[in-house]
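Contents: one structure, followed by commentary.
The values are calculated or read from the model by the stated rules, or taken from the named source; none is laboratory data. Given the structure is predicted, the values throughout are model-derived calculations rather than measurements. Backbone-built Cβ (ideal geometry, glycine too); neighbour counts: all protein chains shown.
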Ligand SMILES: CC(C)(COP(=O)(O)OP(=O)(O)OC[C@H]1O[C@@H](n2cnc3c(N)ncnc32)[C@H](O)[C@@H]1OP(=O)(O)O)[C@@H](O)C(=O)NCCC(=O)NCCS
């Protein structure tokens with residue numbers, strides 16, 4: 001059987017990344033596998049668990065992958081590379097387009113939706129790059145957390161298989177869950193947003209302004225609305241709507257008016273008690289960002305995220321727009337080219353090519369809470385007199 005490839009590019013979503021295991025991970029695996037829940041529910045994990053068990057497991061991984069039977073991936077924190085858990089694609093039967101998935105999450109990383117995110121990532125890759133048609137999970141009836149993880153990823157409970165396997169010396173039942181490739185695509189299942197840690201919740205409670213930038217055709221407006229809805233009180237300032245104030249265009253228009261108006265309105269919402277203000281507009285280069293920041297007088301931090309997709313993708317999306325009031329044509333190309341030449345100066349870049357807007361919004365929320373894309377730290381209230 002053909003070897004199973006490692007996902008390339010590697011699979012990441014928000015703060016999670018899936019990667020191959022390395023020997024350096026052995027201590028983290030040994031520590032995690034002392035956990036009674038892993039000992040109880042992870043059938044392939046011996047109990048008690050020793051370093052020798054970890055070494056034997058690591059040694060078995062590459063032959064199984066090369067034989068096309070099993071792909072073992074570490075679930076890590078993408079920032080620290082710390083081990084959060086394990087996810088395995090096994091029982092791969094290419095002829096039937098089928099495989100099963102199993103996972104565990106280290107006790108200290110639980111309660112943040114790690115397993116659901118990892119499962120969602122692996123499922124997307126298995127249905128996409130690997131071309132599988134069906135994924136299966138076999139979960140013990142008493143494992144409520146694991147069943148919830150399955151449901152959050154769109155798996156359907158298909159039945160109870162009695163006395164299906166022996167684990168830890170006992171015959172055990174399994175609830176079988178299945179997910180088909182077309183269901184995954186049709187439901188456009190988003191990566192289930194990871195629940196926030198307490199630190200993130202505290203950060204999320206701080207008022208903040210998030211600029212959602214990008215060329216036409218990357219889903220800025222819908223992403224921004226979805227993102228604003230994640231605040232306790234969220235406002236979405238759509239830059240193009242600010243142009244609605246203009247009734248005659250024959251007067252000379254001040255450069256950067258849209259950025260200054262956006263900054264003023266965003267600041268007013270913050271002053272009015274809103275905790276999340278999203279401004280979506282086109283910033284082709286850092287000059288517009290400077291104009292925005294210069295006009296911004298509120299104390300809440302400002303983050304800048306630029307949504308990105310390659311030119312063929314944005315052109316195709318623009319062509320599908322129902323809004324024919326704005327035939328953009330060459331303007332889309334010009335804007336895309338201008339922004340591309342300044343991408344490293346436009347905050348944090350998120351590729352949206354193959355992602356649902358709600359997933360992108362959840363990703364921005366998490367990144368902002370982790371301090372990403374920050375272009376103006378908070379508590380920087382300027383004296384109004386400085387900016388007449
Ligand atoms: C199952 C496991 C991987 C889930 O870890 P996790 O990603 O941290 O999961 P969470 O704590 O975020 O919980 C996932 C969901 O289950 C729910 N849940 C957690 N414990 C629960 C319980 N005892 N009863 C009911 N629901 C529970 C959570 O509320 C959450 O639901 P939500 O998404 O609606 O908020 C982890 O508990 C584990 O490693 N268990 C031991 C090994 C194991 O069981 N592996 C699976 C073998 S099939």
Q) Has region 128-142 got at least one residue that is within 11 Å of the ligand (Cβ to nearest atom) and either over 29 Å from residue 35 (Cα atoms) or assigned to a helix (DSSP H, G or I) (or both)? A) no
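Return the total of residues in region 88-107 being away from the ligand (no atom under 13 Å from the Cβ) and outside any loop (DSSP other than H, G, I, E, B).
Pass one, region 88-107, residues away from the ligand (no atom under 13 Å from the Cβ): 89, 91-99.
Filter once more, so that each one left must be outside any loop (DSSP other than H, G, I, E, B): 89, 91-96, 98-99.
Selection size over region 88-107: 9.
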(Q) Among the residues that make up region 108-117, is at least one of them more than 9 Å from the ligand (Cβ to nearest atom) and more than 14 Å from residue 146 (Cβ to Cβ)? (A) yes
Q. From 262, 256, 273, 217, which residue is surrounded by fewer than 21 Cβ atoms within 10 Å (Cβ to Cβ) and either under 29 Å from the mean Cα position of the chain (by Cα) or in contact (Cβ under 8 Å) with a residue 40 or more places away in the chain (or both)?
A. 273
Q | region 102-119 residues that are within 20 Å of residue 175 (Cβ to Cβ), paired with ones that are part of a helix (DSSP H, G or I) and within 6 Å of the ligand (Cβ to nearest atom) (beta carbon under 7 Å, 6 or more apart) | A | 103/115; 104/38; 105/114; 105/115; 115/149; 116/149; 116/152; 119/149
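When region 154-171 is examined, which residues are found to be more than 9 Å from residue 138 (Cβ to Cβ), in contact (Cβ under 8 Å) with a residue 60 or more places away in the chain and part of a strand (DSSP E or B)?
Result: 167, single match.
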Q.
Of the residues 203, 257, only one is modelled with pLDDT of 90 or more and more than 30 Å from residue 158 (Cβ to Cβ); which?
A. 257
Q) Got a number for residues in region 51-76 being out of contact with any helix residue (DSSP H, G or I) (no Cβ under 8 Å at 6 or more places or on another chain) and in contact (Cβ under 8 Å) with a residue 60 or more places away in the chain? A) 5
(Q) Just to check your reading of the model, which residue among 85, 124 is outside any helix (DSSP H, G or I), touching a residue at least 12 places away in the same chain (Cβ under 8 Å) and either within 25 Å of residue 15 (Cα to Cα) or not assigned by TED's automatic domain parsing to the domain that holds residue 58 (or both)? (A) 85
Q: For residue 274, work out the one condition from (1) out of contact with any helix residue (DSSP H, G or I) (no Cβ under 8 Å at 6 or more places or on another chain); (2) under 22 Å from residue 361 (Cβ atoms); (3) modelled with pLDDT of 95 or more it doesn't fulfil.
A: (3)
(Q) Which residue is nearest to residue 127 (Cα to Cα), if the candidates are limited to region 36-53 and must be within 28 Å of the chain's Cα centre (by Cα) and surrounded by 16 or more Cβ atoms within 10 Å (Cβ to Cβ)? (A) 42
Q) How many residues does region 83-114 contain that are under 17 Å from residue 155 (Cα atoms) and modelled with pLDDT under 95? A) 2
